1. Specify whether the C-alpha gyration tensor of region 8-106 places it in the rounded, prolate or oblate class, a ≥ b ≥ c being the square roots of the eigenvalues: rounded for a/c under 1.5, otherwise prolate if a/b is larger than b/c and oblate if not.
2. How big is the Kirkwood radius of region 136-213, worked out from every pair of different alpha carbons and given in Å to one decimal?
3. Using only alpha carbons, build the gyration tensor for region 173-227 and give me the equivalent ellipsoid semi-axes, biggest first, whole Å.
4. Going 7 Å from the Cα of S209 in the Cα-to-Cβ direction, what parts of region 50-73 have a backbone nitrogen less than 19 Å from that spot?
5. Rg and Dmax of region 78-173 over Cα atoms: what are they, in angstrom?
6. Which residues in region 102-137 place their backbone N less than 19 Å from a point set 7 Å from the Cα of H180 along the Cα-to-Cβ direction?
7. Thinking of the chain as a set of Cα atoms, what percent of all their pairs are more than 30 Å apart?
8. From the alpha carbon gyration tensor of region 124-165, can you work out the equivalent ellipsoid semi-axes (sqrt of 5 times each eigenvalue) and give them in Å, largest to smallest?
Amino acid sequence: MTPEDIRTATGPVDLIYRAGAAGAVCWARDYRGHVRELPMARWIGGPHASHRDRLADGHVLRHCTARPTLDLGCGPGRFTASLRERGWAALGVDASRAAVDLTRDRGGTAIHADLFAPLPAEGCWEQILLTDGNIGIGGDPVRILRRAVELLAPGGIVVAEVDPVTTAACREVLRWETEHHVGQWFPWSRVNAAALGDLASTAGLLVSSIVDFDHRVIAVLRMATPAGRSG
């Protein structure tokens, strides 16, 4: 596959999202042809999730407060909806219209937007969520962490999920697929726990805590200094 193939390939990404939410098997394929199943049950959450995933998700939610939370790459909205159920301010953001619709269907508030475009209440969010590896969105973890710093209120935190140290950190080009649909190619990065500290530091953040729930690694990041906002 050539770089031109990667740039021009298109597909029904939202159809894949909806198919996965309805129970279809979905997977990610890299440009070398390697595939791995997408964890749709985890992304949907609730009774679909495993015991391990419920523990890890509960740890994420324990770091959230009644103050506003922004869920970047919210997917079908399990965190956004859970926070709204508590009566807390939470907003999901996703580039997939289907993901936004699924979030709204379960009672969450979400907008369809590019994470790097202007977003509501920039600089006022107490918690930024980058779960399910979303620190890798766009293939540039430092860029998305710097974006999180722009969005954070003073004293706010980023709750990020990364890979365990046994998983190699790498940059990938992926697409989602089902038996009937093929999505677009997009850049992605896998960040492991060992690499997180340096990436966070470059973005003006410090790793405050990190916990491994059977290979789901949840980290809490805080701004290193007020100057970290300048990125």
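Read the figures in this text as sums done on the coordinates, not as results from a lab. Everything quoted here is computed from the prediction, not taken from an experiment. With ideal geometry, Cβ positions are generated from the backbone for all residues, glycine too; neighbour counts draw on all protein chains shown.
1. Working: a/c = 2.11, a/b = 1.61, b/c = 1.31.
Because a/c hits 1.5 or more and a/b exceeds b/c, region 8-106 counts as prolate.
2. Values: mean 1/r = 0.0721 Å⁻¹.
Over region 136-213, the inverse of the mean reciprocal pair distance is 13.9 Å.
3. On the way: eigenvalues 189, 49, 15 Å².
Three semi-axes, in Å: 31, 16, 9.
4. Under 19 Å, as judged by backbone N against the label point of S209, lie 52-70 of region 50-73.
5. When restricted to Cα atoms, region 78-173 yields Rg and Dmax of 13.9, 39 Å.
6. 102
7. Numbers: 5128 of 26565 pairs.
Counting every Cα pair in the chain, those more than 30 Å apart make up 19 percent.
8. Numbers: eigenvalues 69, 27, 10 Å².
Listed largest to smallest, the semi-axes of region 124-165 are 19, 12, 7 Å.
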